[in-house]
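Q: Can you keep this structure in mind? I'll have questions shortly.
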Amino acid sequence: MNFDTVIDRRGTYCTQWDYIKDRFGKEELLPFTISDMDFQVPEEITKALIERIKHGVFGYSRWNNEDFKNSIERWYKDRFDYQIDKEWILYAPSVIYSVAKFIEMKSQKGDGILILNPAYDGFFKVIADNDRKIISSSLIKKNNNYEIDFKDFENKCKISKIFLMCSPHNPIGKVWSREELEKIISICKKYNVFIISDEIHMDIVYGGKHIPILKLEKEYIKNMVICTAASKTFNTPSLGGAYILCTDLKDRDEYLRILKNKEALSSPSILGIIATITAYNKCGYWVDELLKYTKKNIEYVKKYLEKNIPELNCDIPDGCYFAWIDFSKLAVSSEEFQKALIDIGKVAIMPGATYGEEGKMFLRFNVGCSREKVEQGLLGIKIAVESLRNR
């Protein structure tokens, strides 16, 4: 795979490229927005999908088959040295769907749901629109690392039913250490707080090692669930499908009741199922190459900013394919900077304020794309900053 290859995604009903105007108000912008990538999927996935499409019959399908579950079991064993029980595996239409269902199952309207801020913007929406209360604990930035304020975290656990975490953490790219995860679990256990762990970015790790949260605690394991998918890793979200790892039989039965009987969503997209099976069985090598490329892209962003736009800076994250760019030294508001980026720089970059108050002086710059596009985006940022300097 040549990740430098530029693929024109326009005209494919692509959220990032075809619908820029929806969020940024203008159409002809270079986008670094929603968290998907501009890369083609591994050739093995394309071949498997073409072979299935040639069959020509697309009736109802099943996710509950050995090929699907075996591929997930194998992936966890190979990538995370973790032997899961295949009975834990349940299908979900999307990760955020499974998050929403476990919020419904494990809390009541008005209950507090704890998150770490800055946070994936979908968390704010899924909590609020399920009539739960957002309880936020701010991450503390120390030098080039973010840390949990565990005193504040514990106090917030006292008034929360659920801790909704992101591992690795979007948007900052933090990979939680064993010690941090063990402390999180210990505090949640103390206050009987259920843990929902969104681990969709689990394979995009440069520093440290992703540890599935279920791997760390046997006594409290029934009070935790992992919600994840292959789609973020292999760039297949539009094919549909995700999965959860749930160790408690009663919770699995209740989740399946909702999925199958209440909401009639248990028949998956067969293309999503085939993509997951193929990716996990045959495409580990592709992920290894992807990580090298996206890390180099982030390193390029860091060096470019240091040399050309010293008011901006970013650190090399532990994981995720985002450069989390601090523009606080520019001394402008997020709104002012966004206007310059859009009107002058002609680039669409996610404002950090999207991810909570703690992100308001940052940009989330998606580097899951060719180096050429990254260079063009940085030039757009530079032009926007120059316009602000010359006000």
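The values are calculated or read from the model by the stated rules, or taken from the named source; none is laboratory data. Treat the numbers as computed from the prediction; the structure is a model and nothing was measured. Neighbour counts run over all protein chains shown; Cβ positions are idealised from the backbone, glycine included. For accessibility, only protein heavy atoms count, side chains too; no ligands or nucleic acids. Shrake-Rupley method; radii C 1.70, N 1.55, O 1.52, S 1.80 Å.
Q: Go through (1) touching a Phe, Trp or Tyr at 6+ places or on another chain (Cβ under 6 Å); (2) outside any loop (DSSP other than H, G, I, E, B) and name the single condition Ile244 misses.
A: The single condition Ile244 does not satisfy is (1).
Q: Out of all the residues in the range 167-180, is one or more out of contact with any strand residue (DSSP E or B) (no Cβ under 6 Å at 6 or more places or on another chain), under 23 Å from Met105 (Cα atoms) and surrounded by fewer than 23 Cβ atoms within 10 Å (Cβ to Cβ)?
A: Going residue by residue through the range 167-180, those that are out of contact with any strand residue (DSSP E or B) (no Cβ under 6 Å at 6 or more places or on another chain) are 169-170, 176-180.
Those still in the list that are under 23 Å from Met105 (Cα atoms) too: none.
Checked against the condition, which is being out of contact with any strand residue (DSSP E or B) (no Cβ under 6 Å at 6 or more places or on another chain), under 23 Å from Met105 (Cα atoms) and surrounded by fewer than 23 Cβ atoms within 10 Å (Cβ to Cβ), the range 167-180 yields no hits at all.
Q: Which members of the range 301-347 meet the condition of being touching a Leu at 6+ places or on another chain (Cβ under 8 Å), closer than 16 Å to Gln376 by Cα and surrounded by fewer than 18 Cβ atoms within 10 Å (Cβ to Cβ)?
A: The answer is Asn308, Lys346.
Q: Please specify each residue of the range 103-121 satisfying the condition of being part of a helix (DSSP H, G or I), open to solvent by 10 Å² or more (accessible area, probe 1.4 Å) and out of contact with any Gly (no Cβ under 9 Å at 6 or more places or on another chain).
A: As a first pass, look at the range 103-121 and keep what is part of a helix (DSSP H, G or I): 103-106, 121.
Still in the running and open to solvent by 10 Å² or more (accessible area, probe 1.4 Å): 104-106, 121.
Matches in the range 103-121: Glu104, Met105, Lys106.
Q: In addition: Considering only helices (runs of 4 or more DSSP H) fully contained in the range 261-369, which possess at least 3 residues that are within 23 Å of the chain's Cα centre (by Cα)? Outline the logic, then answer.
A: Values: elements: 270-282, 284-308, 334-340.
Passing ranges, in order: 270-282, 284-308.
Q: Of all residues in the range 197-206, how many are among the β-branched types (Val, Ile, Thr), part of a strand (DSSP E or B) and crowded, with 24+ Cβ neighbours inside 10 Å?
A: In the first step, residues of the range 197-206 are kept if they are among the β-branched types (Val, Ile, Thr); the result is 200, 204-205.
Retained after the next criterion (residues that are part of a strand (DSSP E or B)): 205.
Going one step further and asking which of them are crowded, with 24+ Cβ neighbours inside 10 Å, we end up with none.
Number satisfying all stated conditions: 0.
Q: Looking only at the range 38-82, which residues are in contact with a Ser or Thr (Cβ under 8 Å, 6 or more places away or on another chain), more than 22 Å from Met202 (Cα to Cα) and of a type in the set (Gly, Ala, Ser)?
A: Across the range 38-82, the qualifying residues are Ala48, Ser61.
Q: Same structure, new question: Report the residue count in the range 274-285 for those that are farther than 25 Å from Ser61 by Cβ and either acidic (Asp, Glu) or crowded, with 18+ Cβ neighbours inside 10 Å (or both).
A: 0
Q: Can you tell me which of (1) over 15 Å from the mean Cα position of the chain (by Cα); (2) open to solvent by 20 Å² or more (accessible area, probe 1.4 Å) is the one Val225 doesn't meet?
A: Only one criterion in (1) over 15 Å from the mean Cα position of the chain (by Cα); (2) open to solvent by 20 Å² or more (accessible area, probe 1.4 Å) is unmet by Val225, namely (2).
Q: What helices (runs of 4 or more DSSP H) lie completely within the range 2-102 and have 1 or more residues being out of contact with any strand residue (DSSP E or B) (no Cβ under 8 Å at 6 or more places or on another chain) and open to solvent by less than 60 Å² (accessible area, probe 1.4 Å)? So that I can check it myself, show each step before the final result.
A: Values: elements: 15-18, 20-24, 43-55, 66-80.
It comes to 15-18, 43-55, 66-80.
Q: Kindly list, by first and then second residue, each pair from a residue in the range 272-293 that is of a type in the set (D, E, K, R) to a residue that is surrounded by fewer than 16 Cβ atoms within 10 Å (Cβ to Cβ), limited to pairs with Cβ atoms under 9 Å and residues at least 6 apart or on different chains.
A: These pairs meet every condition: Glu289/Met1.
Q: Scan the range 149-161 for residues that are surrounded by fewer than 19 Cβ atoms within 10 Å (Cβ to Cβ) and without any contact (Cβ under 8 Å) to a residue 40 or more places away in the chain and jot them down. Give the steps one after another, and end with the answer.
A: Residues of the range 149-161 surrounded by fewer than 19 Cβ atoms within 10 Å (Cβ to Cβ): 149-152, 154-155, 158-159.
Residues satisfying the conditions are Asp149, Phe150, Lys151, Asp152, Glu154, Asn155, Lys158.
Q: Which one of these is out of contact with any Ser or Thr (no Cβ under 8 Å at 6 or more places or on another chain) and in contact (Cβ under 8 Å) with a residue 40 or more places away in the chain: Ile184, Ile172?
A: On the way: Ile184 fails: in contact (Cβ under 8 Å) with a residue 40 or more places away in the chain.
That would be Ile172, the only listed residue that is out of contact with any Ser or Thr (no Cβ under 8 Å at 6 or more places or on another chain) and in contact (Cβ under 8 Å) with a residue 40 or more places away in the chain.
Q: I would also like to ask the following. Need the failing condition index for Asp36 against (1) more than 16 Å from Val347 (Cα to Cα); (2) without any contact (Cβ under 8 Å) to a residue 40 or more places away in the chain, just the number.
A: Going through the list (1) more than 16 Å from Val347 (Cα to Cα); (2) without any contact (Cβ under 8 Å) to a residue 40 or more places away in the chain, Asp36 breaks only (2).
Q: Yes or no: the range 11-20 includes at least one residue that is free of Cβ contacts under 8 Å to residues at least 40 places away in the same chain and β-branched (Val, Ile, Thr).
A: The answer is yes; a qualifying residue exists.
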